[in-house]
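The structure appears below as structure tokens.
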Amino acid sequence: MDLVFALALNGIVWGLIIALIALGLSIIFGLLDIINIAHGDFFMVGTVLAWTVLQTTGNYWLAFLLVPIIGFGLGLLINHAVIQPIKNAAALSIVATFGLSIILQESVRATYGAAPNRLVAPIQETLLLFGIQYEVYRIFAAAIAIFAICVFFGFLHKTKLGTWMRAVRFDPEIATAMGIPAHRIYMVTFGIGFAMAALGGVVAAPITTVDFQGGIDILPFCFMAVIIGGLGNLEGTVAAAVLLAFVEGIITSFTDPTIARIGSLIFMSAVLIVRPHGIFVGATR
Amino acid sequence: MRVTDTYKFGSWLLVLFTLTAPWVLPLLVDSFWVDIYSEILIWSLLAASVNLLLGYVGLLSFGQALFFGFGMYGVAIGVVKFDLGFWSAFIFGISLATGMAAIAGSLAVRLTWHYFAIITVVFSLIFYFTALSWKPITGGDDGLPFTIPPIISFGDYKLTMTNANFQYFFIVTIVGACYWLMYRVINSPLGRAFVTVRENDARAALIGLNVYLIRLTAFIFAGFIAGVAGALFALFGRYASASYMFYHVSGEAVVWAIIGGVGTLFGPIVGTGLMIVLREELSSVWDHYLLLVGVAVILTVIFAPRGIGGAFKALAEKIARQQFSRKESGP
Amino acid sequence: MKSRKKTEIQEVIQDNSRRSFLKKTLTGGAIASAASLGLMRDVFAKESGPIVIGHHAELTGGFSSWGYWHDKCAQAAVKVINEGGGIAGRKVVLETEDTESNPAIGARKLRSLIQRRKASFVVGSVHSGIMLASIPVATELKTPYFSAGEATEATGSKGTRYSFRTGTDTYALAAAGAPWAVENLGKNWTMIFPDYAWGHSHHAEHKKLIESMGGTVNDPIAVPLGTKDLVPYLSKIPEQTEVLFSVFFGALSVAFYSQSKSMRLDEKMKMYSVSGTIEAIDPRDIDGAAEGVFFLENFPRPLEYKDDEYHKRFIEMMNIDSVHAEEIGSDRIMAKSHAWQSYENFFALKAAIEMSGWQRDSDTPGVIEALEGLEMQNSLAHPQGSKLLRAEDHSGMIDCFISKVEDSKFVVKKRIPRDEMIAKLPPRYDFRKMSL
Amino acid sequence: MSNVPLLEVTNVNKRFGGLKALQDVNLSLETGKLHAIIGPNGAGKTTLFNVVTGTIPVTSGRIKFLGTDMTNDKIHRISRRGLARTLQIKSVFANMTVRENLWIAAQSHHGVFSPFKSWKKCVRSVEMADIICEQIGLTSLADQTASNLSHGDIALLEMGLALATEPKLLLLDEPICGMGPAETEQTVIKIQEISKSTAIIIIEHDIEVVFKIADEITVMANGTVLAKGTPESIAANSDVRNAYLGDDDDD
């Protein structure tokens, strides 16, 4: 029985990290109407940047600060070079981001190399939790994720830029008519989306290792959260990510995990068909 | 030259090349290119199935690899587990893919656009994971190699795909039949209905078209084409593997279709051929040639969203218009 | 030829091929006589251009950290061979194609090697899927194909007369390591692996052996693909487990070692694995995550555990240090337990080609017959050690090593000599029944 | 037969969340007339069209067309029963030629979508397309892509799309909205011509036009029917004058 508690807790912790990454995916979809296939690679770039910061400065804590900033910059750059030119053909965004994903993976392989590396967590202690030795770092990681998510929602609701972002998401035409610089909002949004994925990378790197293909596997999970939460529904995304990891954590202790994984994919299809706006209806839309 | 003439000329050139390739290619370059060309033809069917959906009914499927995989596994499992002959295995594979397309389609085409793209990925992921872990049947990620049964055997005389020329023409015949079928369907009332739905689904329903049924028909047809591609590729490679069902394979097919030009019949062949040859040539030159592939994809989307086929069409139309106006202004 | 200055290397190789030739002729039989006839023919035949050997490697994609070394090995082998006068006096041309770690592309690249680059023989992939996709192609194009993947099928149910492997498969790895591990590490085993073929076949082969030795095997834990967080799976490992056997690959492997370490699993049980899970990874880079883990290896990383001239020269050629197998001037770690095959297989081919008197592709059946049962002596051509390419199932019978990571260094605890392996590994297939 | 009303709307309600778009709408329209529905913005006119054509489901109530209940039927089924409509925001198949546009509309009512026959050989629909082309006066533009047409021609083409389905009832949603005077006049003449053979319900803001062409007028306000009658009786109705027309009179 203890194990179930441990797994449930771990599910929430892991879910919060996923939520952070998925939130980036969700705002990019919600505002720019872009399905970002390269989002997993944004995460991966975050892990690589964290590794680089650690190698050059020897200070892990610096990565928490620097990497999101670099990520934001990269996001602006990519938005300018790739996303803005296809704004009128958002239909093709999947294809463009697919190309972007190839480029990001291959650039990392060309510079950083193909061998995986481990990043040692800045906190090494463990504590006995419901019968298993649990890493303190994970709890810290969850705290960082919560903090970042709160900062983001605070930004969205309390600042002018955030209000503008919500306005653009609600109705871009009216927002533009009201004098909101939609173009700049799109830029910032993409930057924030990248920054959040990159921060997710820093937070998760000590758990998942650093590898140029590290984004491939994280992507479906983020999509699950975004879809079950409702495409573009930010609060829903966070809730769904935590819920999914929590439920999967518990299910894993009873049944064959691959069946659990397939089960959650089937659940996701059902959500898409029956409730395309997610299971949390009426939250924000 | 009128637009249609330019088209006809291009198509005839393609057909002529295809029919003489086994003799022309070894003379010009190398016999290896005959096999590459067969492979391009097969993969172009996968791109064509994407094109059918995106170019003709306006649905972006990111999961066509699922039906490719079903066609492929149908053949491999048919041969390995059920001891089927060549044709029965081939038909089994295609039926499996088409059947799956009917099931997946009946759910997927309720959705459109982004939602549709995502659900097709999800469907292919479900079966990708299943195939990977179901080792006794699928061989898992190691895949399922098999020995190809003879196509026809009269006593000692056996005709198999191990004969290179025969294999080539077998592939050409099947792929050709698929393109002929697509050509017929696109120019049929049904094909017009596809385009109508692509253009404006709300209006299409208001003039009495059953949009759901039309989309479903297109989806099943595309699944059938992808299934044929998969079955052919299994026969060509004597191998089936779950890795062909991954969404990256679907993604590549989308890229090929878009680079070739969606909404044109032969666009997928052009796109697939170009990308495969490009990869083949670049890979021996530069280790990180994938960077160029990625850049090429993005540049196409930005500067030629209608692809090579679309650009060609526009050019042909421009030439035709110029000649037309010249004729008008002439004495 | 005579006037060319003989290098030391040349001597070693010639010495080796002479010796194996001698052995062949002495063992007698049709193959041997064919080989000696071939050799006679070779003496009188004229050179007819270079021999093209293809290398089918994972230069990009998920296996590229291994592929780098396979490529380097193949280049070194061809260099050595050409410096020593080539094969049967003919220069060797190496053609390399990248499989992108993807079976679809791999199969195409194999065709490219054989048809376009005109390779008469192919030294192939370490990726099991690519290997299995390639064997039917190679067989049909009647080209001998050496693979290095661990899936048993390649030299088993899916193998053909044209497929060879000098290294170990899951069958051999289990036979080599499990008996020692059951005796020395513990009798209660739990196996954890990703939910795909590689893991499952290791599980199946090990389970059989462990149970036959009176050990207990708990329910296996198959981790779904794409998992990042292993805690839910690690926490399912039963308390009574004495030996935790894991088979992960690449990044997931690193994740496994670090996460199991941070859960202090290594304090409760012995951890045992195969070389593939730590290949191309430096225990120092993963900061002690692999500390105390036992690995079954094909080739020890430090020089000291196979301290001979050939190993030393091999290390020099690879430009790696003699303790961690790290490339000098970069932080790449050699995939030593697998990559040697991409070096040695060229020499196996050299020996067989010279024995059979191969002239052109139509003579290839002779090479296959010569490869079947080929004895290879510990030499610069075979720095991994003496080995036998078994006639029946085309499998290499080699020495294996069980190492423990201590202080981020591999320390060999036990060497399993190849004769012991031969005894433990009865052939399960006989490809010689297939026609050529 | 003649006793059966063309369209019978009984107690239809439509709610969007808390908003009541239609409240207990009752309407019975006879065949062979040109009906008009007028009312201020937000009166529920377009919503009424939407529920009648099946674009959105009703919350409660029944809709009968030629005596058959078709409440919440599928859009395409309703269309095949003989109910065609145009949209307020003009919508045609932009990348198809005028002829193809009309052809597909005709074909959809001939029902057969053979996957193998060439579409150009479906003679009946091809002829139908030509006839409609003539009728709406777009014959000279028949091979033009629809996206190249002028605004007025698109409105005509949309009407043509509806006509090609050989409807028994045609719903026109602001057909002359956004047209210049010349185009308006031309279109109004077309509508009058069509009304000789097909029953029409028209939503129109241009009161002048409505009173000129309509046989019968229904006035809607706040989601309910306020009044129904001949143009004369509507003009004389004091409720209507107060609620709606009154403002016009003050000018």
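The values are calculated or read from the model by the stated rules, or taken from the named source; none is laboratory data. These numbers come from a predicted model, not from an experiment. Virtual Cβ from ideal backbone geometry, glycine too; neighbours counted across all protein chains shown.
Selection of region D:86-116 for residues being among the basic types (Lys, Arg) and modelled with pLDDT under 80 yields only D:Lys90.
Give the residue, chosen from A:Phe140, A:Phe194, that is in contact (Cβ under 8 Å) with a residue 24 or more places away in the chain and either assigned to a helix (DSSP H, G or I) or touching a helix residue (DSSP H, G or I) at 6+ places or on another chain (Cβ under 8 Å) (or both). It would help to see each step written out before you state the result.
Numbers: A:Phe140 fails: in contact (Cβ under 8 Å) with a residue 24 or more places away in the chain.
The match here is A:Phe194.
Would you check if A:Thr57 is among the hydroxyl-bearing types (Ser, Thr, Tyr) and touching a strand residue (DSSP E or B) at 6+ places or on another chain (Cβ under 6 Å)? So that I can check it myself, show each step before the final result.
On the way: among the hydroxyl-bearing types (Ser, Thr, Tyr): yes; touching a strand residue (DSSP E or B) at 6+ places or on another chain (Cβ under 6 Å): no.
So A:Thr57 fails the test.
The criterion of being closer than 22 Å to C:Gly250 by Cβ, within 13 Å of another protein chain (Cβ to nearest Cβ) and either touching a Leu at 6+ places or on another chain (Cβ under 8 Å) or among the basic types (Lys, Arg) (or both) holds for C:Ala151. Taken as a whole, region C:90-98 holds at least one residue that is part of a loop (DSSP other than H, G, I, E, B), in contact (Cβ under 8 Å) with a residue 24 or more places away in the chain and either crowded, with 24+ Cβ neighbours inside 10 Å or not hydroxyl-bearing (Ser, Thr, Tyr) (or both). Tell me, yes or no, whether region B:279-289 has at least one residue that is closer than 21 Å to A:Ile37 by Cβ and facing chain A (nearest Cβ under 9 Å). For region B:279-289, residues closer than 21 Å to A:Ile37 by Cβ and facing chain A (nearest Cβ under 9 Å): present. Looking at region B:119-203, the helices (runs of 4 or more DSSP H) lying wholly inside it that each contain 3 or more residues that are surrounded by fewer than 16 Cβ atoms within 10 Å (Cβ to Cβ) and out of contact with any Phe, Trp or Tyr (no Cβ under 9 Å at 6 or more places or on another chain) sit at B:164-186. Looking only at residues in region C:113-134 that are part of a helix (DSSP H, G or I), crowded, with 24+ Cβ neighbours inside 10 Å and more than 16 Å from the chain's Cα centre (by Cα), which one is nearest to the other protein chains (Cβ to nearest Cβ)? Per the criteria, the residue is C:Ala133. Every test in (1) free of Cβ contacts under 8 Å to residues at least 24 places away in the same chain; (2) more than 14 Å from chain C (Cβ to nearest Cβ); (3) not small (Gly, Ala, Ser) is passed by A:Gln124 save one, and that test is (2).
The selection criterion, being closer than 15 Å to C:Phe410 by Cβ and facing chain A (nearest Cβ under 9 Å), does not hold for C:Ile278.
In region B:97-118 there is no residue that is surrounded by fewer than 22 Cβ atoms within 10 Å (Cβ to Cβ), within 14 Å of chain C (Cβ to nearest Cβ) and either within 30 Å of B:Ala193 (Cβ to Cβ) or charged (D, E, K, R) (or both). The residues listed here are A:Gly24, A:Gly30, A:Gly71; of these, the one that is assigned to a helix (DSSP H, G or I), within 14 Å of chain B (Cβ to nearest Cβ) and surrounded by 17 or more Cβ atoms within 10 Å (Cβ to Cβ) is A:Gly30.
Among the listed residues A:Gly179, A:Gly113, identify the single one that is surrounded by fewer than 21 Cβ atoms within 10 Å (Cβ to Cβ) and touching a helix residue (DSSP H, G or I) at 6+ places or on another chain (Cβ under 9 Å). First the steps, then the outcome.
Values: A:Gly179 fails: touching a helix residue (DSSP H, G or I) at 6+ places or on another chain (Cβ under 9 Å).
That would be A:Gly113, the only listed residue that is surrounded by fewer than 21 Cβ atoms within 10 Å (Cβ to Cβ) and touching a helix residue (DSSP H, G or I) at 6+ places or on another chain (Cβ under 9 Å).
Which residue, of D:Arg85, D:Arg99, is crowded, with 22+ Cβ neighbours inside 10 Å, in contact (Cβ under 8 Å) with a residue 24 or more places away in the chain and within 14 Å of chain B (Cβ to nearest Cβ)?
Details: D:Arg99 fails: crowded, with 22+ Cβ neighbours inside 10 Å.
Of D:Arg85, D:Arg99, the one residue that is crowded, with 22+ Cβ neighbours inside 10 Å, in contact (Cβ under 8 Å) with a residue 24 or more places away in the chain and within 14 Å of chain B (Cβ to nearest Cβ) is D:Arg85.
Might you let me know whether region C:169-181 holds any residue that is touching a residue at least 12 places away in the same chain (Cβ under 8 Å), closer than 26 Å to C:Lys268 by Cβ and of a type in the set (Asp, Glu)? No: zero hits.
So is A:Thr97 more than 7 Å from every other protein chain (Cβ to nearest Cβ) and within 13 Å of A:Ile34 (Cβ to Cβ) or not? First the steps, then the outcome.
Values: more than 7 Å from every other protein chain (Cβ to nearest Cβ): yes; within 13 Å of A:Ile34 (Cβ to Cβ): yes.
Yes, satisfied.
In summary, strands (runs of 3 or more DSSP E) completely within region D:167-248 and bearing 1 or more residues that are of a type in the set (D, E, K, R) and assigned by TED's automatic domain parsing to the domain that holds D:Thr31 occur at D:169-173, D:216-221, D:224-229.
Restricting attention to region A:232-257 and to residues that are modelled with pLDDT under 85 and touching a Phe, Trp or Tyr at 6+ places or on another chain (Cβ under 6 Å), the residue that is farthest from the other protein chains (Cβ to nearest Cβ) turns out to be A:Gly232. Quick check on B:Ala226: is it over 24 Å from D:Leu161 (Cβ atoms), assigned to a helix (DSSP H, G or I), free of Cβ contacts under 8 Å to residues at least 12 places away in the same chain and more than 10 Å from chain D (Cβ to nearest Cβ)? For B:Ala226, the condition - over 24 Å from D:Leu161 (Cβ atoms), assigned to a helix (DSSP H, G or I), free of Cβ contacts under 8 Å to residues at least 12 places away in the same chain and more than 10 Å from chain D (Cβ to nearest Cβ) - is not met. Here A:Ile146 meets each of (1) more than 9 Å from every other protein chain (Cβ to nearest Cβ); (2) crowded, with 20+ Cβ neighbours inside 10 Å with one exception, condition (2). Residue pairs whose Cβ atoms lie under 6 Å apart, separated by 6 or more positions or on different chains, with the first residue in region A:247-267 and among the charged types (D, E, K, R) and the second surrounded by fewer than 19 Cβ atoms within 10 Å (Cβ to Cβ) and part of a helix (DSSP H, G or I), do not occur.
So, in region C:287-298, exactly how many residues are out of contact with any strand residue (DSSP E or B) (no Cβ under 7 Å at 6 or more places or on another chain) and buried (at least 24 other Cβ atoms within 10 Å of the Cβ)? Please lay out each step first, then the result.
Step one: list which residues in region C:287-298 are out of contact with any strand residue (DSSP E or B) (no Cβ under 7 Å at 6 or more places or on another chain), which gives C:287-289.
Filter again for buried (at least 24 other Cβ atoms within 10 Å of the Cβ), leaving C:289.
Qualifying residue count, region C:287-298: 1.
Residues that are surrounded by fewer than 18 Cβ atoms within 10 Å (Cβ to Cβ) and not basic (Lys, Arg) within region D:187-215 comprise D:Ile189, D:Gln192, D:Glu193, D:Ser197, D:His205, D:Asp206, D:Ile207, D:Glu208, D:Phe211, D:Asp215, listed in sequence order. Among the residues making up region D:114-148, none is of a type in the set (A, V, I, L, M), more than 21 Å from the chain's Cα centre (by Cα) and under 27 Å from D:Thr55 (Cα atoms).
Please work out which residue is nearest to B:Phe194 (Cα to Cα), limiting yourself to region D:108-165 and to residues that are among the polar types (S, T, N, Q) and assigned to a loop (DSSP other than H, G, I, E, B). Break it down stepwise before answering.
Keep residues of region D:108-165 that are among the polar types (S, T, N, Q), which gives D:108, D:114, D:118, D:125, D:135, D:139-140, D:144-145, D:147-148, D:150, D:165.
Narrowing the set further to residues that are assigned to a loop (DSSP other than H, G, I, E, B) leaves D:114, D:118, D:144, D:150, D:165.
Values: D:Ser114: 12, D:Ser118: 14, D:Gln144: 20, D:Ser150: 25, D:Thr165: 18 Å.
Within region D:108-165, the match that is nearest to B:Phe194 (Cα to Cα) is D:Ser114.
crowded, with 23+ Cβ neighbours inside 10 Å, within 14 Å of chain B (Cβ to nearest Cβ) and modelled with pLDDT of 85 or more, is that true of A:Leu77?
Working: crowded, with 23+ Cβ neighbours inside 10 Å: no; within 14 Å of chain B (Cβ to nearest Cβ): yes; modelled with pLDDT of 85 or more: yes.
In short, no.
Being within 17 Å of the chain's Cα centre (by Cα) and under 16 Å from C:Trp189 (Cβ atoms) is the filter; apply it to region C:260-276 and report the residue that is surrounded by the most Cβ atoms within 10 Å (Cβ to Cβ). That would be C:Val274. Checked against (1) surrounded by fewer than 17 Cβ atoms within 10 Å (Cβ to Cβ); (2) in a strand (DSSP E or B); (3) assigned by TED's automatic domain parsing to the domain that holds C:Glu153, C:Leu388 meets all criteria but (1).
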